[in-house]
1. Could you figure out which of (1) among the charged types (D, E, K, R); (2) without any contact (Cβ under 8 Å) to a residue 60 or more places away in the chain; (3) surrounded by fewer than 17 Cβ atoms within 10 Å (Cβ to Cβ) isn't true of Arg9?
2. Within the stretch 62-78, track down each residue that is touching a helix residue (DSSP H, G or I) at 6+ places or on another chain (Cβ under 7 Å) and closer than 14 Å to Trp21 by Cβ.
3. Go through the stretch 97-114 and report how many residues are in a helix (DSSP H, G or I) and closer than 16 Å to Gly32 by Cα.
4. Any residue in the stretch 66-83 that's farther than 18 Å from Ile24 by Cβ: show its pairings with residues that are part of a loop (DSSP other than H, G, I, E, B) at Cβ separation under 8 Å, as long as the two are six or more apart or on different chains.
5. Among Thr74, Thr29, which is the only one that is in a helix (DSSP H, G or I), among the hydroxyl-bearing types (Ser, Thr, Tyr) and more than 11 Å from the chain's Cα centre (by Cα)?
6. Please specify each residue of the stretch 24-52 satisfying the condition of being surrounded by fewer than 14 Cβ atoms within 10 Å (Cβ to Cβ) and aliphatic (A, V, I, L, M).
7. Return only the number of the condition from (1) without any contact (Cβ under 8 Å) to a residue 60 or more places away in the chain; (2) within 21 Å of Asp113 (Cβ to Cβ); (3) under 14 Å from the mean Cα position of the chain (by Cα) that Ile22 does not satisfy.
8. Give the residue, chosen from Ala81, Ala134, Ala130, Ala100, that is modelled with pLDDT of 95 or more and under 20 Å from Arg49 (Cα atoms).
Amino acid sequence: MLSADPLRRLGVLLVRAVAIWILIAVAETLHGVARTLVVVPILGDRPSRQLGVFVGSAMILGMAWLFVTWIRATTRPQLLAVGLLWLVLMLAFEIGLGRAVGSSWERILSDYDPRQGGLMIMGMGVLLLAPLLAARGRSRAAEGPCQVDRIRG
């Protein structure tokens, strides 16, 4: 049985990971609104959604970079678990929002199908790996040994 201290640390990690995911979801929603209003009239729907994947991925990596130490995930499994949590929450959010605004299942799924020009699968891959990439990047930038590099779990 785990003692109260590791359980408390896990609880803090989860609450912080969800808080950062909420920030990511809000930023991505605002990004989507701005893209629809500004970029879609210029490039069209599909190209603007494709461009949005790259811009959104950069936003996610930036937010992960800013907040990964605050989340307090210190091992590869913890960092990957945070990324997996973000991925599951974002998929639920994306699908739920899409259905709520009347998008068909075909329309939603087409964003994830590279054969149809959908690149969201790449964006979700970035979301999954963002905490790990950010932790590695921050440790390299600090020029010190990274906890993630020292722990092989």
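The values are calculated or read from the model by the stated rules, or taken from the named source; none is laboratory data. Worth saying up front: this structure is predicted, and the values here are computed from it rather than measured. Using ideal geometry, Cβ is built from the backbone for each residue, glycine included, and neighbour counts are taken over all protein chains shown.
1. Looking at each condition in turn, Arg9 falls short on (2).
2. Met63, Ala64, Phe67, Val68, Trp70, Ile71, Ala73
3. Taking the stretch 97-114 as the starting set, the residues that turn out to be in a helix (DSSP H, G or I) are 97-100, 105-110, 114.
Within this subset, residues satisfying the condition of being closer than 16 Å to Gly32 by Cα are 97-100, 107-108.
Result for the stretch 97-114: 6.
4. Every condition considered, the pairs that remain are Thr74/Ile151; Thr75/Ile151; Thr75/Gly153; Arg76/Ile151; Arg76/Arg152; Arg76/Gly153; Pro77/Gly153.
5. Values: Thr74 fails: in a helix (DSSP H, G or I).
Going through Thr74, Thr29 in turn, the sole match is Thr29.
6. Our first condition is that a residue be surrounded by fewer than 14 Cβ atoms within 10 Å (Cβ to Cβ); within the stretch 24-52, this holds for 26, 29-30, 33-34, 37-38, 41-42, 44-45, 47.
Residues satisfying the conditions are Val26, Leu30, Val33, Ala34, Leu37, Val38, Ile42.
7. (2)
8. Working: Ala81 fails: under 20 Å from Arg49 (Cα atoms); Ala134 fails: under 20 Å from Arg49 (Cα atoms); Ala130 fails: under 20 Å from Arg49 (Cα atoms).
None of the other options fit; the residue is Ala100.
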